[in-house]
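Here the structure comes first, spelled out in C-alpha cells, and everything after it is commentary.
The values are calculated or read from the model by the stated rules, or taken from the named source; none is laboratory data. Note that the coordinates shown come from a computational prediction; the quantities given were computed from them, not determined experimentally. Here Cβ is always computed from backbone atoms with ideal geometry, including for glycine, and neighbour counts include all displayed protein chains.
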Amino acid sequence: MQLTIKTFGITSEIMSGKNVTMELAGTTVADLRKALSAKYPSLDKLNSLFIAVNRAYAEDATTLKETDEIALIPPVSGG
Amino acid sequence: MIKLTDKPIDVSKVIEAAKHPTAGGLNVFIGTVRDFHKQKNKRVVRLEFEAYEPMAITEIQKIAAVAIDRWDIKAWAISHSLAKLNVGEVAVVIAVSTAHRKASFEACQFIIDQLKEKVPIWKKEIFEDGEEWVSAHP
C-alpha cells in the first residue's frame, strides 16, 4: 500500500520533505519501521523514533491503512 | 486552556485563565530561552519551535486529565510558543490552581515534566556557528 508520512524536526531533514510517500509491502507499524530504516539509515542514529497513527503514539503491532494519518515523532524537546 | 501560538505569550492571560474561587494556590512555571548550551559549550542565539499541533493538543489534554484527577486541580492553563524566540523570551507557561499550595507545586512540575517527555513539539537551537534539533542524537 502507499502511505503518506508526515515528518517533523530532524526527520524532515533526513527524509527531505514534510509529507513523504512510501510504498509499503507489509501492514504493520513494525513493517513500516523496517522499511524506513532500510531507506533512511540515518533514522537509526536518532535517540528515539516513535510512529504516530491518527495523532496517537502507535505500538509496533498496530495495523496500518492507506487512509491513516501517519507521522514520525523523533525525540521531542518542547518546554 | 491550551494554546500553541506563534505570537508572544501573554503570561498574565495564562495566569488569569487558571484562577478559580475554590483555589488557595496558583502555581506558575515559565520556561525561558537560556543563552548557553553547557554540554556543547556553545552560545545560543535563538530557538525555533515546530509542533505536530493536533497531536500536541491531544497529548497535553491527556497529561492534564491525569493531573486533574491526581491533584484535584480547580483550573489550569498551558501555553507553548511556536515562534522564533530570542534569549530570555518565554517558551512555555503552565499555570495550575488547587485548594492548597503543595498540590499546585506538584501538579505543575508533573505537567512540565510530562510535556517535555511526551508532547510532539521540537526545539531547534540556533548557535553562532550552526543549528541543531535538541536531543535528536546521543
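Annotation: residue B:62 fulfils all but one of (1) modelled with pLDDT of 95 or more; (2) more than 10 Å from every other protein chain (Cβ to nearest Cβ); (3) surrounded by fewer than 21 Cβ atoms within 10 Å (Cβ to Cβ); the unmet one is (2).
Of all residues in region A:1-41 being without any contact (Cβ under 8 Å) to a residue 24 or more places away in the chain and of a type in the set (A, V, I, L, M, F, W, C), which is surrounded by the fewest Cβ atoms within 10 Å (Cβ to Cβ)? Filtering region A:1-41 for residues that are without any contact (Cβ under 8 Å) to a residue 24 or more places away in the chain and of a type in the set (A, V, I, L, M, F, W, C), the one surrounded by the fewest Cβ atoms within 10 Å (Cβ to Cβ) comes out as A:25. If you check B:83, B:99 for being of a type in the set (Gly, Ala, Ser), out of contact with any helix residue (DSSP H, G or I) (no Cβ under 6 Å at 6 or more places or on another chain) and within 14 Å of chain A (Cβ to nearest Cβ), only one passes: B:83. Pairing each residue of region A:57-79 that is away from chain B (no Cβ under 11 Å) and in contact (Cβ under 8 Å) with a residue 24 or more places away in the chain with any residue that is part of a loop (DSSP other than H, G, I, E, B) and among the β-branched types (Val, Ile, Thr), provided the two are 6+ apart or on different chains, yields C-beta distances under 8 Å for A:63/A:27; A:64/A:27.
Okay, residues lined up against (1) more than 14 Å from the chain's Cα centre (by Cα); (2) farther than 22 Å from residue B:5 by Cβ; (3) not in a loop (DSSP other than H, G, I, E, B):
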site	(1), (2), (3)
B:26	yes, no, yes
B:31	no, no, yes
B:43	yes, yes, yes
B:49	no, no, yes
B:54	yes, no, yes
B:57	no, no, yes
B:60	no, no, yes
B:63	no, no, yes
B:68	yes, yes, yes
